[in-house]
Amino acid sequence: MKVAGFTFIKNAIIYDYPIVEAINSILPICDEVYVALGKSDDETEALIKAINPEKIKILKTLWDENLKQGGQVLAVETNKAFQAIPNYYDWCFYIQGDEAVHEKYLPIINQAMLHFKSNKKVDGLLFKYLHFYGSYDYIGNSSGWYNNEIRIIKNNKSIYSYKDAQGFRKNNNKKLNVKPIEAYIYHYGWVKNPKAMQRKQEDLNKLWHDEEWIDKNILKAEEFDYSQIDSLMKFTSSHPKVMLQRIANKNWQFEFDLKHNKTKIKDQLKQLAFKLFGWEIGYKNYKKV
């Protein structure tokens, strides 16, 4: 069985993306990792090259400045990396620049790929999610966070990244048939120095919205205000080893009153249904088989 990882990145240092940790978290079970490297205004290229020259394959890209709505450019960049993967690979492991996999899940993931490798009814593997917020000590627990997403797909080039690169589709917008696995993606996109998070909010929202929307909805400030969140819970387990140095270097404080809960009743019921019964109420970007 041959496995290729793939991802995209641009300006990782400016926006404080843990892209090195993301790639290193999947590298042990990948033969190679293909990185669509957007033209950057910092030393992101040197950062990627230093990871593992033998395994890392860099594709230098230019982001399409005309794709200003809906985050489409993120899917385009994802597809560039995916399409570069040679046909002799069986599986393709997608990881975004603010995600990581705990090493304890790698044997489970590897076994699932072996088990479903020849099953033509399975297009991909579905992961569970932990969304960290504010600091590495809290995770989002309201229904506003997505509970699952596809991160491993068969090397079938009729599959493509969907909308803003959250998931995948195939053959004229069909949802992928997936097998859920007992493994989590740790999502760190909402854990940054407040100044870096504010820069991200002001700049990257331009990929989804026009200037008028940004002026109305994104507060101009020196630092991002993490306190405006509906509900969080304490994270009491361990982080991936690849993240430990970054966590040790954290240079800001964030504390949250766990009694604080602004989640709407209907959203609390959705989350309770998922926690107790695994019911996913609402939109799903996949079909479980």
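Tell me yes or no: at least one residue of the stretch 38-55 is surrounded by fewer than 23 Cβ atoms within 10 Å (Cβ to Cβ), on the phi > 0 side of the Ramachandran plot and of a type outside the set (Gly, Ala, Ser). Checked against the condition, which is being surrounded by fewer than 23 Cβ atoms within 10 Å (Cβ to Cβ), on the phi > 0 side of the Ramachandran plot and of a type outside the set (Gly, Ala, Ser), the stretch 38-55 yields no hits at all. The set of residues from the stretch 25-58 being over 13 Å from ILE9 (Cα atoms) and acidic (Asp, Glu) comprises ASP31, GLU32, GLU54.
Which residue out of LEU59, LEU67, LEU74 is crowded, with 21+ Cβ neighbours inside 10 Å and in contact with a helix residue (DSSP H, G or I) (Cβ under 8 Å, 6 or more places away or on another chain)? Spell out how you get there, then give the answer.
Details: LEU59 fails: crowded, with 21+ Cβ neighbours inside 10 Å; LEU67 fails: crowded, with 21+ Cβ neighbours inside 10 Å.
LEU74 is the lone residue from the list that is crowded, with 21+ Cβ neighbours inside 10 Å and in contact with a helix residue (DSSP H, G or I) (Cβ under 8 Å, 6 or more places away or on another chain).
Any residue in the stretch 197-204 that is touching a Gly at 6+ places or on another chain (Cβ under 8 Å), modelled with pLDDT under 90 and among the hydrophobic types (A, V, I, L, M, F, W, C)? For the stretch 197-204, residues touching a Gly at 6+ places or on another chain (Cβ under 8 Å), modelled with pLDDT under 90 and among the hydrophobic types (A, V, I, L, M, F, W, C): absent.
To keep it simple, each residue is scored yes or no on (1) over 17 Å from the mean Cα position of the chain (by Cα); (2) closer than 20 Å to ALA183 by Cα; (3) of a type outside the set (Asp, Glu).
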| position | (1), (2), (3) |
| --- | --- |
| VAL20 | no, no, yes |
| ILE23 | no, yes, yes |
| LYS39 | yes, no, yes |
| GLU45 | yes, no, no |
| PRO53 | yes, no, yes |
| LYS60 | yes, no, yes |
| ILE95 | no, yes, yes |
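Can LYS266 be described as in a helix (DSSP H, G or I), modelled with pLDDT under 95, of a type in the set (Lys, Arg) and over 30 Å from ASN156 (Cβ atoms)? Against the criterion (in a helix (DSSP H, G or I), modelled with pLDDT under 95, of a type in the set (Lys, Arg) and over 30 Å from ASN156 (Cβ atoms)), LYS266 qualifies. Restricting GLY71, GLY38 to those that are touching a residue at least 24 places away in the same chain (Cβ under 8 Å), closer than 23 Å to VAL191 by Cα and in contact with a Ser or Thr (Cβ under 6 Å, 6 or more places away or on another chain) reduces the list to GLY38.
Only strands (runs of 3 or more DSSP E) whose full extent lies in the stretch 87-146 are considered here, and the ones with at least 1 residues that are without any contact (Cβ under 8 Å) to a residue 60 or more places away in the chain are 124-133.
Scan the stretch 46-62 and tell me whether some residue there is touching a Phe, Trp or Tyr at 6+ places or on another chain (Cβ under 6 Å) and touching a residue at least 40 places away in the same chain (Cβ under 8 Å). The answer is no; no qualifying residue exists.
Test LYS220 against the criterion of being surrounded by fewer than 10 Cβ atoms within 10 Å (Cβ to Cβ), free of Cβ contacts under 8 Å to residues at least 40 places away in the same chain, of a type outside the set (Ser, Thr, Tyr) and not in a loop (DSSP other than H, G, I, E, B), and give yes or no.
On the way: surrounded by fewer than 10 Cβ atoms within 10 Å (Cβ to Cβ): yes; free of Cβ contacts under 8 Å to residues at least 40 places away in the same chain: yes; of a type outside the set (Ser, Thr, Tyr): yes; not in a loop (DSSP other than H, G, I, E, B): no.
No.
Restricting attention to the stretch 37-79, the residues being under 27 Å from PRO107 (Cα atoms) and either in a loop (DSSP other than H, G, I, E, B) or at pLDDT below 95 (or both) number 6. Return the residues of the stretch 166-192 that are outside any strand (DSSP E or B) and either among the hydroxyl-bearing types (Ser, Thr, Tyr) or surrounded by fewer than 20 Cβ atoms within 10 Å (Cβ to Cβ) (or both); say none if nothing qualifies. Listed by number, the residues that qualify are GLN166, ASN171, ASN172, ASN173. Looking only at residues of the stretch 142-172 that are within 17 Å of the chain's Cα centre (by Cα) and of a type in the set (S, T, N, Q), we find that the one that is nearest to LEU67 (Cα to Cα) is SER161.
Could we say that GLY70 is under 22 Å from TYR146 (Cα atoms) and either within 19 Å of the chain's Cα centre (by Cα) or β-branched (Val, Ile, Thr) (or both) here? Yes.
Residues are listed down the side, and each one gets a yes or a no for (1) outside any loop (DSSP other than H, G, I, E, B); (2) over 10 Å from ILE56 (Cα atoms):
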| site | (1), (2) |
| --- | --- |
| PHE6 | yes, no |
| ASN11 | no, yes |
| TYR15 | no, yes |
| SER25 | yes, yes |
| PRO28 | yes, yes |
| VAL35 | yes, no |
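Considering every residue within the stretch 202-212, establish whether at least one is in contact (Cβ under 8 Å) with a residue 12 or more places away in the chain, over 22 Å from the mean Cα position of the chain (by Cα) and outside any helix (DSSP H, G or I). Scanning the stretch 202-212, I find at least one residue that is in contact (Cβ under 8 Å) with a residue 12 or more places away in the chain, over 22 Å from the mean Cα position of the chain (by Cα) and outside any helix (DSSP H, G or I), so the answer is yes.
The values are calculated or read from the model by the stated rules, or taken from the named source; none is laboratory data. Just so it is clear, the model here is predicted, and its values are computed rather than measured. When we count neighbours, we look across all protein chains shown, and the Cβ atoms used for this are built from the backbone with ideal geometry, even at glycine.
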